[in-house]
Each structure stands twice: as C-alpha cells, then as structure tokens.
Amino acid sequence: MKKLLTIALLSVSALIASTSIASAQSVSQSYIEKFKDNAIRIMHETGVPASIILGVAMHESGSGKSAIAKNLNNQFGVKGGGGAVYYKGNKKVRTSYKKYDSVLDSFKDFARIMTERKQFSHLADKFTQYDYKGWAKGIQRSGYCSSKKWASQVMGIINRYSLDEYDDDPNPDSTAAKKPELASN
C-alpha cells in the first residue's frame, strides 16, 4: 500500500512539474512571437543583436511576467525616471524603476543604453550583431549585473529558444519593406 501511494505521489509530482515547464515555455514562446519584430527592427537600427534584446528582456522580466514588466512596461529592470507609481490591488507601490509607455519603448531604451552610455558603448564597436556571446559577456563585464552567472543564463535562454536566428535576417530589406506592425504591449 505504501509503495502504491509513493508511486502515485511521484507520478502526480512529475505531472505537475512537466505542466509547469510546458506553461513556462508557452509563456516564453508567446513573448518571443509578440516582440521578435520589435527586436529585429531595433537591431537593424542600432546593431544590438535581437537575440540579446529578447534574451536579456526574457531573463530580467520573466518573459514579461514580473511586476515591473506588467505595471511599468520595464523589461530590463532599468532604474530612474523620477520614481514611478503603480497599484497592486488597492495598495500604492512606489518604485525607483523607470516607467515606459510601451514594451517597445523599453526595448529602445535598452538599445540606447547599450550604444550611448560610456559604460557599454564600446560593445557596439567591438561586437557585431551576430556575436551574441560576446555581447552577453561584455554586458556582464561592463557592470550591468552583479551575478557572475548572468551572461551564461542569458546565453542559455538564447540557445534554448534559438533566438540567434533573429540576428541573421537573410534579407534585411524584407523587414524594412514590410514594416511589420510593432507590438506595443
């Protein structure tokens, strides 16, 4: 009887774990589909790889599920902007994170930070849009995060979802010619 109960509990646990993994992958796939065109367009404008834009956003925001991503459209944990306020239920939350009008604005600001801030601007000179590994390691070394595992975590997301395929648009004119509708949220 105990053996049967143990097997049943292990089976239920395995089912719950696999359902959670499938749900997380579904959320991530939806996020990618919704925002990949934004990331590709910003890559063509700035040289920051689309895989880096998407991979860092997914890592920092839990694929758009974090509180600051949902309430402030802040996908990267960028601070500043005068102390944003949002409501959690009926409780007012003051935060030092920057508020954006849209996810696209958050993506653009991240690319601006990577290309214009002295701390990171050397990366655009050093790496091409095809070198997401160099970008991830360079961003970490330049002080974007305190975790020593950050670059490998971002590269893991890029590899898991093959985000680097968006760095190599075989026909760059097709993106510009079609001018796909950009997702704002």
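Every residue, every condition in (1) among the hydroxyl-bearing types (Ser, Thr, Tyr); (2) in a helix (DSSP H, G or I); (3) modelled with pLDDT of 90 or more; (4) surrounded by 21 or more Cβ atoms within 10 Å (Cβ to Cβ), yes or no:
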| position | (1), (2), (3), (4) |
| --- | --- |
| THR6 | yes, yes, no, no |
| LEU15 | no, yes, no, no |
| ALA22 | no, yes, no, no |
| VAL48 | no, no, yes, yes |
| ALA57 | no, yes, yes, yes |
| SER63 | yes, no, yes, yes |
| LYS70 | no, yes, yes, no |
| PHE76 | no, no, yes, yes |
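Please find, within segment 136-160, the residue that is farthest from GLU45 (Cα to Cα) out of those that are of a type in the set (A, V, I, L, M, F, W, C) and touching a helix residue (DSSP H, G or I) at 6+ places or on another chain (Cβ under 6 Å).
Ranking the candidates gives TRP150 first.
Within segment 145-157, track down each residue that is within 14 Å of GLY55 (Cα to Cα) and either surrounded by 18 or more Cβ atoms within 10 Å (Cβ to Cβ) or among the polar types (S, T, N, Q) (or both).
Across segment 145-157, the qualifying residues are TRP150, ALA151, SER152, GLN153, VAL154, MET155, ILE157.
Could you give me the residue pairs with C-beta distances under 6 Å whose first residue belongs to segment 112-130 and is touching a residue at least 60 places away in the same chain (Cβ under 8 Å) and within 12 Å of SER142 (Cβ to Cβ), whose second residue is outside any helix (DSSP H, G or I) and of a type in the set (S, T, N, Q) wherever it lies, and which are 6+ apart or on separate chains?
none
Among the candidates LYS99, LYS133, single out the residue that is surrounded by 14 or more Cβ atoms within 10 Å (Cβ to Cβ), touching a helix residue (DSSP H, G or I) at 6+ places or on another chain (Cβ under 7 Å), not aromatic (Phe, Trp, Tyr) and not in a helix (DSSP H, G or I).
It is LYS99.
Given (1) touching a Lys or Arg at 6+ places or on another chain (Cβ under 6 Å); (2) at pLDDT 95 or above; (3) surrounded by fewer than 17 Cβ atoms within 10 Å (Cβ to Cβ), where does GLN119 come up short, assuming only one miss?
(1)
The values are calculated or read from the model by the stated rules, or taken from the named source; none is laboratory data. This structure is a prediction, so every number in the text was calculated from the model and none was measured. Cβ: placed from backbone, ideal geometry, glycine included. Neighbour counts: every protein chain shown.
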